[in-house]
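Written out below as structure tokens is the structure these notes cover.
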Amino acid sequence: MTMSTSVEEPTKPHARFLLGLVALFLGELRDGLTMINMQSAFLIVSKYYTEKQVGVMFFVFGISQFLFQAPAGYIMDYTDKKVFCLGLACLLTTAITLLTATTAQEFGANIGFMVVLKFLQGGITAMIPPGLNSITQGIVGSVGMTKQVSENEMRNHFGTAIIVLTGSLIAFGTYPNIGILFVVSPIACAGVIYFLSQIRPEDIDHDAARGLKATSDSPDAEGNSTENTEYKLTGPDGVPAAADAESAAATPMEILKDPILLVFIVIVFLFHTSNGTVLPLVMQTLAIGEGRVGILMSGLCIIVAQVFMVGSAKVCGDYSGRYGRKTLFLIGLFSVPIRCLILYFLTGIKNAQAETSVLLQVIILSTQILDGVGAGVFGTMYILVTSDISGGTGRFSLTLGLTTAAMSIGGTVSGYLGQALAQDRGYQMAFLILGFMALVPAVGYLLFMPETSKEMDKKEDVVVRMTTIEEAPAANEEGESSPAIV
């Protein structure tokens, strides 16, 4: 008995082109994060919130994301209305962003209402990451994920940079009443809804979206079906030993028993606990007390990071298959403590100056290049590693929901911890403490996480080399060194 396999990456240019445009306009909507950071600067500078008040609001936002992330992934695994769910989530989170900007009162007078809004927004945005990525995997299959996720991330970061640049210029021109900057949010949402609506239902193979098979059987733009990658037991005559049957998805408990997934979830949590609050603190360092120039510089923090995230996503897509996931992931993880150490020294210099020089502001801003490396690598690689771990389980969206939930709760803890440290111990000590915390997930990944991509390659090598005793002599007589791949 032998195992045969056929591998062909799907080519659906129309659907993949639309995916890129969805990712481009999704920008700040993808996880609510970018507009959340802009909201943070807006509330502190324009509405005179304290750091702790902002920390409480976004702590609630993150807790809500955490609570709803796994259920959102579970829903996406089962629903065949993935496009509708993603579009609705984008529409609702945009509405809440606008409501926050228009109803926030000075000094947090209605903070209770703001907290309720953030709880709702957190739950809604939980649908977006599994929604986008399950649609992506349903179109390209797991064998096409490395390339397509990289392209999605590149366009997403580029779109975010455009959105934030537009918002920052509006804020610069309207300072101190900067709430009008959030007009960019519905414009981006309109683009997402339009291009999502152009994706045809038949473009998405829902079994491939769940990770039950490696490629998608849905037709390409010319109406041709892409070939499914399967591993079939066959007899000497090449006839399948058993009839084809729909693969059964793993149970949620089986997913949770995977030790590699559990280690990865812990590392994702620890990474975001240390890194999640660094960007808001850098933005506040540049914005507070610096007038309209400070607001512009804080917006540029996001833009610089997003531009370099485009490059990071490109590198991940081009080289993670060649050098493995682990090497690139470690580069991203270790960039965070380095960045925090640099910020510790720079904020010390800033504290010693009576008036912050433009040169120092630019140097502080330049540290966002490292954010582009760290967060850029993480944003692409955590999706690919999750896809590696969940391959064949039929629970890709659920698994992604679990890892994204860890990201959410880590960012939540980080948000409040960072704001509390900044208010009680100062920004300089906050960066130092966060830098030491960032070493933990980096060392943890180095020591405890295997190379997920190579593990899959080893399994494929074993499958291809499995031949019967009868086939081996025949192969030698024909001068073949390995079984045929059909």
Which is in contact with a His (Cβ under 7 Å, 6 or more places away or on another chain) and more than 18 Å from L24 (Cα to Cα), of G62, G108, G123, G138?
G138
What tally of residues in region 140-180 results from selecting those that are surrounded by 20 or more Cβ atoms within 10 Å (Cβ to Cβ) and not in a helix (DSSP H, G or I)?
1
Expected single match for part of a helix (DSSP H, G or I), in contact (Cβ under 8 Å) with a residue 60 or more places away in the chain and either over 14 Å from the mean Cα position of the chain (by Cα) or within 21 Å of T136 (Cα to Cα) (or both) among T393, T386 is T386
Would you check if there is a residue in region 96-114 being in a helix (DSSP H, G or I), touching a Ser or Thr at 6+ places or on another chain (Cβ under 8 Å) and charged (D, E, K, R)?
no
Only listed residue being out of contact with any helix residue (DSSP H, G or I) (no Cβ under 9 Å at 6 or more places or on another chain), touching a residue at least 60 places away in the same chain (Cβ under 8 Å) and not β-branched (V, I, T), chosen from E290, E254
E254
Filter region 189-199 down to residues that are small (G, A, S) and over 11 Å from L21 (Cα atoms) and give me whichever is least open to solvent (accessible area, probe 1.4 Å).
A190
What are the pairs with Cβ atoms under 7 angstrom where one residue, in region 8-27, is under 17 Å from A313 (Cα atoms) and surrounded by fewer than 24 Cβ atoms within 10 Å (Cβ to Cβ) and the other, located anywhere, is modelled with pLDDT of 85 or more and basic (K, R)? Sequence gap at least six, or different chains.
G20/R155; L24/R155
Given the conditions (1) more than 30 Å from Y78 (Cα to Cα); (2) out of contact with any Phe, Trp or Tyr (no Cβ under 7 Å at 6 or more places or on another chain); (3) open to solvent by less than 10 Å² (accessible area, probe 1.4 Å), every one holds for I338 apart from (3)
For region 434-457, how many residues meet the condition of being more than 28 Å from K147 (Cβ to Cβ) and in contact with a Gly (Cβ under 9 Å, 6 or more places away or on another chain)?
2
Of those in region 396-418 that are modelled with pLDDT of 85 or more and open to solvent by 10 Å² or more (accessible area, probe 1.4 Å), the residue farthest from E451 (Cα to Cα) is L417
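The values are calculated or read from the model by the stated rules, or taken from the named source; none is laboratory data. If you're wondering where the values come from, they're calculated on a predicted model, not measured in any experiment. Cβ atoms come from the backbone with ideal geometry, glycine included; neighbour counts cover every protein chain shown. Only protein heavy atoms, including side chains, enter the accessible area calculation; ligands, DNA and RNA are left aside. Shrake-Rupley method; radii C 1.70, N 1.55, O 1.52, S 1.80 Å.
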